[in-house]
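Input: a single structure, listed below in structure tokens.
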Amino acid sequence: MTNNSHDIIGGTRFSGGSARSFLSSMDVDHHIFEADILVDLAHVTMLAEEDIISKTDAKAIIDGLFSIYEAGFEHLPSAEDIHAAIETELVNKIGEAGGRMHTARSRNDEVSTCIRYQLRNDILSLINSVLSLQEVILSTAKNHTTTIIPGFTHLQNAQPTTLSHWLLSYYSSLERDIQRFFDVYNRINLSPLGSAAFAGTPFPINREKTATLLGFSGIIENTMDAVSSRDFLLESAASLCSLSITFSNISNDLIFYSNKNYVDIDDDYASTSSIMPQKKNPDTLELIRAASATTLATFSGTFATLKGLPRAYNRDLQSATPYIWNSTEKMLESANILSKIIETSIWNAELLLSSAGDGFSTATGVADTLTMAGIPFRKAHQIVAKSESNYEDIASNFNTIMGSPMDEFCTQDLIESALDPIKNVNMRDSLGGPSPRIVLDSISNAKIGLDSNFKLHTTYKNQIEQSKEELIREARAYLK
């Protein structure tokens, strides 16, 4: 950025003093540079269309804005914020006509519009990456419907399941995360532009026109609410928190499985020790797990900033936005890397199968088998709880507790099938269970939902791109 002694808004009165750099948001405003230019173009196009400014002035302003955009953020003068920097540069380029750009507008509605414009793009990018992660999960799950793995509760061996079943559990969690982002997208995608400082404007503006040019689905009608509300930031932060927890849990499981040698993380996503040459550490997964701290800080920081503010605009709001940019970037990176880790990891199917029955993890299947044979479940639970993981011991305890031979109720083959991890998994074929047949149905159903989500994402993305093209076309029409 170039150094000017003052910007167009502050003038000479508010240009000096030690607080100038403290007030400035230019160090993070690069994130909304393009959004600000587009918001300016939409506003000026509307002003000209409504005869609030002349076509001649509109032409000069629009030409100047395109020139500023082509030069890039780094060529802006130093200023209190990007809005002042762009306006200052515009006046420097085209003279007095540049001062008409801000007619019927405040930085209050301008910045809120820019944030919403950029954040919805960031949310869509994140949605796309999470959908791609889900796609990798489904593909991996389809290849491992019969890969038996140990299942855990309290980190203790619990019941055997399949790798597919484990993967689909995270697919389901990510699906809820995706729906939260689609929901928040619809609340972000509303235009505050035209609200001015908070009390509207006497100029005959067309708020619906600027909303359409910027691809918003509607406007926030109440002008005070439009400039002061940042609940969309809080909701976005909460959604980012939820997603980061899902990512953290996947990472934690993979770290645990890596420790057990159940899975080999590709070297590209691992690291080694500076002193211990034999070490292969799942550092990337640990950093993804740690990223949830960033999103939690975003939520708590945003909440704390917003909780005590009076209506309408307060400068505190300037501090809330950088949290969101940081967290969306972290989650986008995490989604992309996690996809690669799952795609490239190699699973030790033999070790997984040999470990699946550890700790008598097939016990529940045995108790269920006895219950299906007519024994009350609580009695079956008592019998199996006293037994070792073999037919003879179960039969002995059955006879002691029930006072009759077990083969009067069920055959040895049934009990031994329940003791076998593979057959144990196959028998659990209730909806959403780990049986390979059921898992394949779950994958098919998930694929339908995934395709639908990709289409919705594409629809939203196309709406933004088409509105951007129309905005640029209408703006450039003034240059002819």
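The values are calculated or read from the model by the stated rules, or taken from the named source; none is laboratory data. Values in this document were obtained by computation on a predicted structure and should not be read as measured data. Every residue, glycine as well, gets a Cβ built from its backbone with ideal geometry; the counts of neighbours run over all protein chains shown.
Among the residues of the range 369-401, those identified as farther than 20 Å from Gly357 by Cβ and either modelled with pLDDT under 95 or not in a helix (DSSP H, G or I) (or both) are Ala373, Gly374, Ile375, Pro376.
Being part of a helix (DSSP H, G or I), surrounded by 18 or more Cβ atoms within 10 Å (Cβ to Cβ) and of a type in the set (A, V, I, L, M, F, W, C) is the filter here, so list the residues in the range 260-304 that pass it. Scanning the range 260-304 gives Leu285, Ile288, Ala291, Phe299. Each residue in the range 94-125 was checked for being in a helix (DSSP H, G or I), among the basic types (Lys, Arg) and within 18 Å of Ile52 (Cβ to Cβ), and 1 of them qualify.
Yes/no matrix, rows are residues, columns are (1) closer than 30 Å to Ala293 by Cβ; (2) touching a Lys or Arg at 6+ places or on another chain (Cβ under 8 Å); (3) not assigned by TED's automatic domain parsing to the domain that holds Glu135:
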{"residue": "Thr321", "(1), (2), (3)": "yes, no, no"}
{"residue": "Ile324", "(1), (2), (3)": "yes, no, no"}
{"residue": "Glu329", "(1), (2), (3)": "yes, no, no"}
{"residue": "Ile337", "(1), (2), (3)": "yes, no, no"}
{"residue": "Ile342", "(1), (2), (3)": "yes, no, no"}
{"residue": "Phe377", "(1), (2), (3)": "no, no, yes"}
{"residue": "Tyr391", "(1), (2), (3)": "no, no, yes"}
{"residue": "Asp407", "(1), (2), (3)": "no, no, yes"}
{"residue": "Asp429", "(1), (2), (3)": "no, yes, yes"}
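Answer with yes or no whether Phe203 is among the hydrophobic types (A, V, I, L, M, F, W, C), in contact with a strand residue (DSSP E or B) (Cβ under 6 Å, 6 or more places away or on another chain) and either outside the structural domain of Ser300 (by TED's automatic domain parsing) or within 22 Å of Met101 (Cα to Cα) (or both). No: the conditions fail for Phe203.
For (1) closer than 30 Å to His43 by Cα; (2) part of a loop (DSSP other than H, G, I, E, B), each residue gets a yes or a no:
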site: Asn424; (1), (2): no, no
site: Gly433; (1), (2): no, yes
site: Ala446; (1), (2): no, no
site: Leu450; (1), (2): no, no
site: Leu456; (1), (2): yes, no
site: Leu471; (1), (2): yes, no
site: Ala475; (1), (2): yes, no
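Within the range 182-192, at least one residue is aromatic (Phe, Trp, Tyr), modelled with pLDDT of 95 or more and crowded, with 21+ Cβ neighbours inside 10 Å. Within the range 220-246, take every residue that is polar (S, T, N, Q) and closer than 14 Å to Val111 by Cβ and give me the one that is surrounded by the most Cβ atoms within 10 Å (Cβ to Cβ). Step by step, filter the range 220-246, then rank; the result is Ser228. Residues of the range 346-367 that are crowded, with 18+ Cβ neighbours inside 10 Å and under 40 Å from the mean Cα position of the chain (by Cα): Leu352, Ser355, Ala356, Gly357, Ser361, Thr362, Ala363, Thr364, Gly365.
Yes/no per residue for (1) modelled with pLDDT of 95 or more; (2) under 23 Å from Val111 (Cβ atoms); (3) charged (D, E, K, R):
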| position | (1), (2), (3) |
| --- | --- |
| Gly308 | no, yes, no |
| Arg311 | no, yes, yes |
| Ile324 | no, yes, no |
| Glu350 | yes, no, yes |
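The set of residues in the range 49-59 that are in contact (Cβ under 8 Å) with a residue 24 or more places away in the chain and surrounded by fewer than 23 Cβ atoms within 10 Å (Cβ to Cβ) comprises Glu49, Glu50, Ile52, Ile53, Lys55, Thr56, Asp57, Lys59. Whether any residue in the range 203-218 is of a type in the set (Phe, Trp, Tyr), buried (at least 19 other Cβ atoms within 10 Å of the Cβ), closer than 20 Å to Val44 by Cα and modelled with pLDDT of 95 or more is what I want to check. Yes: the range 203-218 contains one or more residues that are of a type in the set (Phe, Trp, Tyr), buried (at least 19 other Cβ atoms within 10 Å of the Cβ), closer than 20 Å to Val44 by Cα and modelled with pLDDT of 95 or more. Listed by first and then second residue, the pairs with beta-carbon distance under 8 Å, at least 6 apart or on different chains, first residue in the range 401-414 and surrounded by 10 or more Cβ atoms within 10 Å (Cβ to Cβ), second of a type in the set (Lys, Arg) and in a loop (DSSP other than H, G, I, E, B), are Ile401/Lys386.
Checking each residue in the range 389-408 for being touching a helix residue (DSSP H, G or I) at 6+ places or on another chain (Cβ under 7 Å) and either β-branched (Val, Ile, Thr) or within 25 Å of Ile422 (Cβ to Cβ) (or both) picks out Ser389, Tyr391, Ile394, Ala395, Asn397, Phe398, Ile401, Met406. Working only within the range 169-210, note down all residues that are under 16 Å from Ser229 (Cβ atoms) and aliphatic (A, V, I, L, M). Matches in the range 169-210: Val184, Ile188, Leu190, Leu193, Ala196, Ala197, Ala199. Condition test on Ser132, is it surrounded by fewer than 18 Cβ atoms within 10 Å (Cβ to Cβ), in a helix (DSSP H, G or I), touching a Ser or Thr at 6+ places or on another chain (Cβ under 7 Å) and touching a residue at least 60 places away in the same chain (Cβ under 8 Å)? Judged against the criteria, Ser132 is a match.
The residues of the range 218-227 that are touching a residue at least 40 places away in the same chain (Cβ under 8 Å) and either in contact with a helix residue (DSSP H, G or I) (Cβ under 8 Å, 6 or more places away or on another chain) or closer than 25 Å to Ala475 by Cβ (or both), listed by number, are Thr223, Ala226, Val227.
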